[in-house]
Every structure is written in C-alpha cells, then in structure tokens.
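The values are calculated or read from the model by the stated rules, or taken from the named source; none is laboratory data. In this text the structure is predicted, and so the values were computed from the model without any measurement. For neighbour counting, all protein chains shown are included, and Cβ atoms are generated from backbone atoms with ideal geometry for every residue, glycine included. Calculation scope for accessible area: heavy atoms of the full protein, side chains included, ligands and nucleic acids excluded. Shrake-Rupley method; radii C 1.70, N 1.55, O 1.52, S 1.80 Å.
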Amino acid sequence: MTDIDNKDEERHRAKMAKRKAVQDAEVASKTVEKGLLIVNTGPGKGKTTAAFGLALRMLGYGKRVGVVQFIKGKWHTGEKDAFAAFGDRVVWHAMGEGFTWETQDLKRDIAAAEAAWAKVLELMADPSISLLVLDELNIALRYDYLDLDRVVGALKARREGLHVVVTGRNAKPALVEAADLVTEMSVTKHHFSAGVKAQQGIEF
C-alpha cells in the first residue's frame with residue numbers, strides 16, 4: 001500500500017469537498033420528474049439485457065412491468081422464466097414470428113408486428129404499468145412493418161409517468177429525436193466472431 005502523508009490526505013479531502021459541492025449543486029438543479037422514452041440501439045450486445053435490468057429495478061420497488069417482444073417469440077429464453085416468478089406483476093407478450101430471413105413472409109411479418117403494436121397500445125393505456133419494454137421494436141420499424149409516424153406519435157402521446165424502453169439496432173432518427181435517453185451500444189469485441197455459438201444464460 002502506498003504511504004499517504006497528512007498533506008496528501010488534506011489535499012485529497014479539500015479536492016473531494018469541492019467536487020461534492022459541484023455534484024450536489026448539479027443534482028439539486030434537476031427538478032423535473034416524468035415518464036421517459038428510452039432507446040437502446042447500436043450494433044453491440046446488451047440492448048435487451050439493459051432494458052430487462054431496468055425492469056428488474058422497477059420490480060424491486062413494487063411496480064408493475066410490461067414486455068412486448070416484436071421479433072422474438074419462437075424460442076425459449078431464461079429471462080422469460082425468471083420474470084414469470086413475479087407473477088402478474090410482469091405482463092409478457094412474445095409476439096414475434098422470428099427474424100425476417102427466417103419467416104421469409106412479408107405479410108406474416110407485418111401482421112405479427114401490427115398485432116404486437118395493438119398490444120403495446122393496450123398496455124400503454126393500463127395505469128398499473130410503470131415500465132414498458134418494447135423489445136426489437138426498432139427492427140420492426142427498420143423493415144417498415146409499422147408506420148413510423150404513427151408509432152412515434154403514440155409514444156410521444158403516452159400517459160404521463162409511463163416509462164418506455166425501445167430496443168433494437170438501427171433506431172430511426174425520428175425515434176431518436178423523440179427520446180429522452182438514447183444509448184448506442186458499440187462493438188469492441190464479440191465472441192461470435194471467434195466461432196462461439198449463442199449460449200444458454202448469455203444470449204437466451
């Protein structure tokens with residue numbers, strides 16, 4: 001351990017006291033409380049995982065959470081089983097038909113996206129839902145399965161206090177502009193590139 005003399009300790013204390021004053025003033029200046037529109041996008045891994053982390057946090061405060069999955073739906077996932085332990089405090093709708101290269105059926109893809117969006121509107125109107133995760137909505141918008149203006153308009157007009165998290169690559173600029181918080185997940189290194197397959201507990 002590095003030896004720290006009294007002068008070093010005092011300098012550090014004074015520096016941290018100044019920093020604390022700045023931080024406290026910054027926090028005190030934030031007075032708005034509102035439902036947020038959050039977008040997790042980008043080519044990196046972790047967009048849905050981050051959204052479910054927020055869902056878990058909300059559940060920790062006794063709140064109710066809704067999940068609508070636009071593309072995913074055909075395969076079993078650990079997160080769905082985990083959230084099932086919360087009973088009716090989590091409303092889960094996996095309404096996807098698989099990725100477009102799997103279905104190879106445009107009409108079917110559009111119909112599935114429209115059905116999922118109808119469920120979103122239903123949950124947005126439910127006052128018991130505090131957080132709504134719209135998993136892979138960005139993919140449905142990217143392929144024009146849903147009308148962008150209609151979706152963004154409804155999200156902007158959501159009831160006061162409702163938090164919504166949208167996930168998926170290639171978020172549309174109009175959605176990014178409407179959002180309160182946008183996080184771009186980048187790729188520095190990915191095990192898939194080294195031939196590692198999707199694994200239980202990591203990818204699903």
### Query
From the list GLU122, GLU114, GLU79, GLU97, which residue is open to solvent by 30 Å² or more (accessible area, probe 1.4 Å), acidic (Asp, Glu) and part of a loop (DSSP other than H, G, I, E, B)?
GLU97
### Query
Any idea which residue in the range 170-181 is most open to solvent (accessible area, probe 1.4 Å), counting only those that are of a type in the set (A, V, I, L, M) and in contact with a strand residue (DSSP E or B) (Cβ under 9 Å, 6 or more places away or on another chain)?
LEU181
#### Entry: the range 165-198: number of residues that are of a type in the set (A, V, I, L, M), closer than 20 Å to ASP149 by Cβ and in contact with a helix residue (DSSP H, G or I) (Cβ under 6 Å, 6 or more places away or on another chain)
6
### Query
Does the range 127-139 contain any residue that is among the polar types (S, T, N, Q), open to solvent by less than 40 Å² (accessible area, probe 1.4 Å) and assigned to a helix (DSSP H, G or I)?
yes
### Message
Looking at the range 61-71, can you tell me whether even one residue there is open to solvent by 100 Å² or more (accessible area, probe 1.4 Å) and either outside any helix (DSSP H, G or I) or farther than 21 Å from VAL182 by Cβ (or both)?
### Response
yes
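For every residue, the table says whether it meets (1) assigned to a helix (DSSP H, G or I); (2) in contact with a Lys or Arg (Cβ under 6 Å, 6 or more places away or on another chain); (3) open to solvent by 20 Å² or more (accessible area, probe 1.4 Å).
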site: GLU10; (1), (2), (3): yes, no, yes
site: ALA25; (1), (2), (3): yes, no, yes
site: VAL32; (1), (2), (3): no, no, yes
site: ASN40; (1), (2), (3): no, yes, no
site: ALA55; (1), (2), (3): yes, no, no
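Check the range 188-197 and report whether any residue there is open to solvent by 40 Å² or more (accessible area, probe 1.4 Å), of a type in the set (A, V, I, L, M) and farther than 20 Å from GLU33 by Cα.
Checking the range 188-197: at least one residue is open to solvent by 40 Å² or more (accessible area, probe 1.4 Å), of a type in the set (A, V, I, L, M) and farther than 20 Å from GLU33 by Cα.
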### Query
With GLU160, GLU203, GLU184 as the choices, which residue is open to solvent by 80 Å² or more (accessible area, probe 1.4 Å) and either closer than 20 Å to THR49 by Cα or of a type in the set (Val, Ile, Thr) (or both)?
GLU184
### Query
Looking only at the range 161-191, which residues are modelled with pLDDT of 95 or more, in a loop (DSSP other than H, G, I, E, B) and more than 16 Å from the chain's Cα centre (by Cα)?
GLY161
### Residues being of a type in the set (Gly, Ala, Ser) and under 24 Å from TYR61 (Cβ atoms) - total across the range 118-153
3
#### Entry: Qualifying residue in the range 110-125 (condition: within 19 Å of the chain's Cα centre (by Cα), under 21 Å from THR183 (Cβ atoms) and modelled with pLDDT of 95 or more)
yes
